[in-house]
Amino acid sequence: MENKGKVLVVDDQQITRTTLADILRLEGYEVTPAADGPAALAALERQEYDVMLLDLMMPGMSGLEVLARLREADWDGEVVLLTAHSSVESAIGALRHGAADYLLKPASAPEIIAAVQKALERRRQRMKQRRLLEELMKTMHGDEPAQPAARRREDERVPLTPAASVDFKRRQLYVGDETVSLSPTEARLLEILLAREGEVVPHAELVRLVQGYEVEAGEASEMLRPLVSRLRSKLAHIPGGRGWVGNVRGVGYVLERRLT
């Protein structure tokens with residue numbers, strides 16, 4: 001049977017893990033079970049997954065803590081939460097912080113399959129939009145003739161100041177002799193803002209371009225706040241860089257380089 005995608009099943013109850021894994025394997029998914037949050041994070045270091053089925057209430061590291069760790073690491077997959085009636089409010093809150101969906105336990109086989117399919121489609125759409133954005137950026141920067149590899153590496157750096165530059169492919173910020181690593185979302189956010197420098201980019205549009213999905217403006221503002229904060233801390237390595245990304249309250253963000 002054709003492999004439809006890779007799913008990580010995280011639940012502290014063995015019977016639940018086994019049941020979920022059996023249902024998804026019969027549908028053609030490659031499934032890895034994990035008994036708790038630390039085991040799930042360890043599995044992600046060894047292999048890439050498309051979707052994670054994540055139990056919300058687990059001893060030790062809860063599902064919400066795992067979700068927070070995934071956001072910090074800019075994990076590229078989708079999360080479907082498994083929750084009991086008593087914690088539905090927490091699951092709904094988690095949707096605002098990146099989870100794709102939630103299921104009430106015990107969920108039926110059709111519900112589980114439908115939720116995973118929906119999450120996979122959401123991921124495919126996000127990847128498609130990301131590729132379109134990359135093509136747009138290439139068009140904006142223009143195509144350059146082929147050059148020797150050593151020269152090409154230097155030319156891939158976009159100047160920010162006379163002493164600072166950024167390489168979006170390698171996600172590296174260069175400030176003098178210092179190199180600062182950017183996460184995938186930090187690099188995408190900076191690239192978008194730089195391409196539209198001086199223009200206020202609305203919150204919801206930024207989430208769509210950076211994360212690949214649609215949210216309401218209010219939720220978009222909340223989602224962007226920690227990401228912008230992390231980017232500002234990286235730009236702070238450039239003299240005056242911390243103040244480059246400005247917030248137009250209730251509207252969006254704008255990048256304006258002020259050289260000091």
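Residue under question is Thr32, and the condition is that it be β-branched (Val, Ile, Thr) and part of a helix (DSSP H, G or I); does it hold?
No, not satisfied.
Can you work out which of the residues in segment 214-230 that are of a type in the set (A, V, I, L, M, F, W, C) and closer than 24 Å to Ala119 by Cα is surrounded by the most Cβ atoms within 10 Å (Cβ to Cβ)?
Leu224
State all residues of segment 82-105 that are among the aliphatic types (A, V, I, L, M), out of contact with any strand residue (DSSP E or B) (no Cβ under 6 Å at 6 or more places or on another chain) and modelled with pLDDT of 70 or more; if no residue qualifies, say none.
The answer is Ala84, Ile92, Leu104.
List, please: which pairs have Cβ atoms under 9 Å, are six or more places apart or on different chains, and start with a residue in segment 36-49 that is in contact (Cβ under 8 Å) with a residue 40 or more places away in the chain and end with one that is part of a loop (DSSP other than H, G, I, E, B)?
Glu48/Asp76; Glu48/Gly77; Tyr49/Gly5; Tyr49/Trp75; Tyr49/Gly77
Please work out which residue is nearest to the chain's Cα centre (by Cα), limiting yourself to segment 51-81 and to residues that are in a loop (DSSP other than H, G, I, E, B) and buried (at least 20 other Cβ atoms within 10 Å of the Cβ).
For segment 51-81, the residue satisfying everything is Leu56.
For segment 163-190, give me each residue that is among the acidic types (Asp, Glu) and surrounded by fewer than 19 Cβ atoms within 10 Å (Cβ to Cβ).
Asp167, Asp177, Glu178
In segment 211-223, is there at least one residue being in a loop (DSSP other than H, G, I, E, B), within 20 Å of Arg126 (Cβ to Cβ) and among the β-branched types (Val, Ile, Thr)?
Yes, there is a match, as at least one residue in segment 211-223 is in a loop (DSSP other than H, G, I, E, B), within 20 Å of Arg126 (Cβ to Cβ) and among the β-branched types (Val, Ile, Thr).
Output the residue which, of all residues in segment 219-243 that are among the hydrophobic types (A, V, I, L, M, F, W, C) and free of Cβ contacts under 8 Å to residues at least 24 places away in the same chain, is farthest from Leu160 (Cα to Cα).
Ala220
Only one of (1) at pLDDT 90 or above; (2) assigned to a strand (DSSP E or B) is not met by Ala39, so which one is it?
Going through the list (1) at pLDDT 90 or above; (2) assigned to a strand (DSSP E or B), Ala39 breaks only (2).
The values are calculated or read from the model by the stated rules, or taken from the named source; none is laboratory data. Remember, it's a predicted structure, so these values are computed and weren't measured experimentally. Neighbour counts are summed over all protein chains in view; Cβ atoms, including those assigned to glycine, are modelled from backbone coordinates with ideal geometry.
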